1. At a Förster distance of 60 Å, what's the computed FRET efficiency of residue C:171 paired with residue B:416, Cβ-Cβ distance as r, to 0.05?
2. Using a 7 Å offset from Cα along Cα-Cβ at residue C:448, what residues in the range B:1-22 end up with backbone N under 18 Å from the label point?
3. Students often check this: by mean Cβ neighbours within 10 Å, which of C:158-164, B:115-121, B:241-247 ranks highest, and how do the rest follow?
4. Per DSSP H run of n ≥ 4, the term is -39500 (n - 2.57); total these for the protein assembly as shown, divide by its residue number, and report the mean residue ellipticity at 222 nm rounded to 500 deg cm²/dmol.
5. Given charges of +1 on the Cβ of Lys and Arg and -1 on the Cβ of Asp and Glu, with all other atoms neutral, how large is the dipole of the range B:51-150 about its Cα centre, in debye to the nearest 20?
6. Between copies, how far does the label point of residue A:90 sit from its twins, in nm, shortest first, when each point is 7 Å from Cα along Cα→Cβ?
7. What accessible surface, in Å², does a 1.4 Å probe find on residue B:315, ignoring ligands, DNA and RNA and rounding to the nearest 10?
8. Could you tally the net charge around residue C:468, taking each other residue with its Cβ under 9 Å from the Cβ of residue C:468, Lys/Arg +1 and Asp/Glu -1?
Amino acid sequence: MTLTDPDRLFPLDPKTRDRARALYESVRDLPIISPHGHCDPQWFAENARFPNPAELFVIPDHYVFRMLVSQGVRLADLGVPREDGGPVETDPRAIWRRFAQGYHLFRGTPSRMWLDHSFEHVFGLDTPLTPETADAYYDHIESALATDAFRPRALFERFNIEVLATTEGALDPLDAHRAIGDSGWSGRVITTYRPDAVVDPEFEGFQANVAELGALTGEDTESWAGYLAAHRKRRAFFKEMGATASDHGHPSARTEDLPPAEAEALFLRVLKGGASAEDAEAFRGQMLTEMARMSRDDGLVLQIHPGARRNHSAKVFARHGRDKGFDIPGRTDYVGALKPLLDAVGMDPDLRIILFTLDETSYARELAPLAGAYPALTLGPPWWFFDSYEGIRRFREATTETCGFYNTAGFNDDTRAFCSIPARHDVARRSDCAYLATLIGTGRLRETEAFELARDLSYTLAKNAYNL
Amino acid sequence: MTLTDPDRLFPLDPKTRDRARALYESVRDLPIISPHGHCDPQWFAENARFPNPAELFVIPDHYVFRMLVSQGVRLADLGVPREDGGPVETDPRAIWRRFAQGYHLFRGTPSRMWLDHSFEHVFGLDTPLTPETADAYYDHIESALATDAFRPRALFERFNIEVLATTEGALDPLDAHRAIGDSGWSGRVITTYRPDAVVDPEFEGFQANVAELGALTGEDTESWAGYLAAHRKRRAFFKEMGATASDHGHPSARTEDLPPAEAEALFLRVLKGGASAEDAEAFRGQMLTEMARMSRDDGLVLQIHPGARRNHSAKVFARHGRDKGFDIPGRTDYVGALKPLLDAVGMDPDLRIILFTLDETSYARELAPLAGAYPALTLGPPWWFFDSYEGIRRFREATTETCGFYNTAGFNDDTRAFCSIPARHDVARRSDCAYLATLIGTGRLRETEAFELARDLSYTLAKNAYNL
Amino acid sequence: MTLTDPDRLFPLDPKTRDRARALYESVRDLPIISPHGHCDPQWFAENARFPNPAELFVIPDHYVFRMLVSQGVRLADLGVPREDGGPVETDPRAIWRRFAQGYHLFRGTPSRMWLDHSFEHVFGLDTPLTPETADAYYDHIESALATDAFRPRALFERFNIEVLATTEGALDPLDAHRAIGDSGWSGRVITTYRPDAVVDPEFEGFQANVAELGALTGEDTESWAGYLAAHRKRRAFFKEMGATASDHGHPSARTEDLPPAEAEALFLRVLKGGASAEDAEAFRGQMLTEMARMSRDDGLVLQIHPGARRNHSAKVFARHGRDKGFDIPGRTDYVGALKPLLDAVGMDPDLRIILFTLDETSYARELAPLAGAYPALTLGPPWWFFDSYEGIRRFREATTETCGFYNTAGFNDDTRAFCSIPARHDVARRSDCAYLATLIGTGRLRETEAFELARDLSYTLAKNAYNL
């Protein structure tokens, strides 16, 4: 018995399935390029063992605990820390049992496929997780984690990861990355410049963060020129530590390209604190264009991840803080929002901006038409809730006809769930091969082209898009 | 010859089709749970025969007459009554012939499948309805209706309906339900609390309705506290008469959670009449949150059916009144609109709110992410124009990966076309089994799980969601 | 070897594929009805040879050059003229080589399918276009173009075009159409009334255009009554020259139905110049309703093509002008926007309004519900980026269940790329037959009905919708 079907995600028609399998077999063993994600670099710096099955699979994975919460389990009972330090479940086995109790809730979800893939292919388990098998699972995983073969670096190598990008705030000293570099270990773990905390006037502690940015760089971040110069210095430092990209998680895709005096005045207003919602939004928009200009100079790829309404539940945010599964997507406009930035730099073929979305209605209506015209634009892969078989299918069906394959950036896993990385890339490779096989079968692509594209989508496009 | 293909709606791939058929056979004969609909309870109270084929299939069914109107037939020529009492066609056979004349217009629509299903499985007809067979059809159905086997209660039993919910306004005396209860008949026909006429300041006669609510309950509905108390009393009365749910059909999903003094002031403003559009919208939004609070107390499930632009054609509304096929869906926001209500009560695992939509773009972007996080939220089935094979397919494909199956509420038919009830549940069961078979075939679900889910989607989830 | 798969676009399941093939074979050779497009009537008036392969396939086709531009090729290097008359590539062979160099970019796009179809079926080429075959391709096509068999009229006849509509501005003298008529050639090439330049206050030279409209018609276009009368005269002239339709390309679908005095005041305001954005939008909206009223009188079909954000890149617009692949779709509302027009004339069964969209989210939510109720409304085929296999599939799947087939207007190619006309109609016929075969296979349509519908969708509906 196995947990995962060897032909999973391939088309149902037997002939097309054979084609998909052949395509998949040609890319299955390619190294993993993971150019955008949220693993903790400390794992690879320290190479300490993962503490226990609950810490590995449940507590840090918002996909997992949000589903359990949606059916009435309390976050605290899953060991998710409270902001006030109040009591939460500390017994990892109790947490694991609650997880197993709700494992049927994941039927039909990508989480279930990723988890089963990890259970089988990382841990060698072959019976389904149920309330009855919960303890056996726990013991099995716990024993494995105690061995050297399951330490972070060993898994990194076993996963065949060629490069893994993490994401750090602009103020991060990048000590973990330095330690990895100094350790002599050959794994390539790079950082990404994520300046939200010093760019978003509505971020907690924005003013103090900007002051710290000044202190770190020796620039006068109370002036617009100094503030921009400080960004340039931090970007250079991140680049030195391996970064090839920056990343920006704004509520919308709004951009601005204000005349310098107006931009400066706006900066001074938001720096005073108590910025209006409009000023905050305009400032974030102005900074996207500023970052794009810096990208032209230093070559960092600009990633825009807009559209999440963060911390939707006031109660959960107050009790447990950020990133607790209550970030909810919302409608996102691109065609109007990006115009100022695109008028400024969009025709520059040496700039690369990778666009993501949580609003699938924008794929065919806005994103593919934009990426199929502007040289600077590339589409990122289906993100977050759309990192899934259906998500990938809809993305390809909605974008390929308008912008082709070569205005897309391959796959990235965007995860903090380390063990899900091979599973996610596997789902993406299978889903793309299924799509390519369907194109062959319906006379929309020649077989030789499909093999070339399978490799491009699985490996080359991501490597090229992120200058890796 | 038959009108309906025994394998209809199953996947095309033979092996997957076999799987779908096996799943379907396991649920085909389960009783029907119909927790939301618009049948007339008087049918079951009186158990009188249905007047004629036109009254059964054409005149009350807005799906049917709107399609004929779209191709130039006049509503009056289909016997749809005029508001001014002016002349309309009164010959049911003439109406039936016009319907048969336009029957080809329904090709590819769910109405056609429901109608053919009723013709074949309820009335035993086996040749297609055409202008040529119109009279034979009419005569055949007319003779059947004259028999006891085609009276409402007999059909109810033959349709294997375990429970049927109707919908009544807050002021309804529920005499029909009382009569059903007093009659000793074993059929379970329950009501649903639908207070739009006393909650929506833009409803015709709102002030008089609120006054009547006061008179009915003995509460002072000119005060905010009395108005809320009156709702509580009516809800208790509806519950006594079998209701397990309330239902709310608002133009948007907006909610509010105003401080009591502001809510009171808003109530007093709208009660004066001439409320501004903004006040009317805010009041409806406040009342959703008030109703959710009452639901926590009395256990009625809260259904929200937002997003219809009612009575879109001014001419049709003036001539023929409400519910004449000219309610048109519009864009509907949930992520912002529901936040006040969710901040108030969304984390309560004992509250159940069932969300519907006419805006499919919200499935993957907003509704599944919300339902996959908040314990209080459950997704209702595809509604209205989306109660169809493609509608169900898109719903499952867009929601399952994010919120799974167990945050959805099974199927409901939402119909006033009694004979379509078995047909609609059959379409839903077939469509869901087709989806499950596809999941098995693509390695996303195990066969044993699929059989369990087939039963859940066809029966158990609806029963549980509505506390039946 | 062939460039195109004879079974392309048919379903993968063998039995369903056989059905699709049979349906397709029944319509493959039907004449082409092309009721909306942008071919140059001068081609048929003069019947001169097409200048060279680059002028035929690359320079005028914004689908083609936008994709090359998106990957860093400069418009000027593709021979696209500059507004300032500055230098651009003039060597057609060099342009052709750049095109061949980027031909892999079109993998999976409809452009690739149309181009391969033209290469094989119009020019008899049978090896793929690559950088290596670029010169051989060029020479082959160039030789063909030098022969009489490849002149416009010969191709028109070979393409089996029954009628081809072009589009001309309201001020166009229609000399080319007159010349075609006078030439004795039997090909039917008709015009379409496209008054954007005299209806849109934001169009370049609006005031001068309106003055010219007055001069042409002898009406006082400085008065509202005279302006409307001038439109009536031009419409009559266009109708005399063959037109059966008008066409309106507005940024939104907004309509207005102002009282005459307000409409007049609005007209006088926008005529003064410097109209506010709101006035300009309101005036365009008022004119849609005025045009609908004129359509009731003169029988021209009213086409509405809303939702393009024209000339999105300020740089490209300044350098190369309009229609250079930088028109980007945006969100488009219909349900609110069309209400004034529909309240005025929407219930008139003798009026025909054909609605198009670039916002697929409106298909199921707004357009199908509207077209499935209002007698005056018909849905146009998938437009522009959605003129493709996936586009047609999504259109049918999203609209058929709500408004059926008979509220849709068949196919139109909307192209200025003459050689793509047979290819586009072929894609549409294949895609529709694939859809019909799927309906048969899933028991949603009878085989005899499908054959009737295949003909309707390929030929009859377009002919009827445009009164051809």
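The values are calculated or read from the model by the stated rules, or taken from the named source; none is laboratory data. Predicted model, so just to flag it, every value in this text is computed and none were measured. Cβ coordinates were reconstructed from backbone atoms using ideal geometry, including for glycine residues, and neighbour counts include every protein chain displayed. For accessibility, only protein heavy atoms count, side chains too; no ligands or nucleic acids. Shrake-Rupley method; radii C 1.70, N 1.55, O 1.52, S 1.80 Å.
1. Numbers: r = 54 Å, r/R0 = 0.91.
My answer for the efficiency is 0.65.
2. Zone members listed by number: B:1-5.
3. Descending packing order for the listed peptides: B:241-247, B:115-121, C:158-164.
4. Using -39500 (n - 2.57) per qualifying helix, the result is -13500 deg cm²/dmol.
5. Working: 8 positive and 15 negative charges, 89 e Å.
Dipole size: approximately 420 debye.
6. For residue A:90, the inter-copy label distances come out at 8.4, 8.4 nm.
7. The accessible area of residue B:315 comes to roughly 110 Å².
8. Values: positive: C:188, C:463; negative: C:162.
Around residue C:468, the surrounding residues sum to +1.
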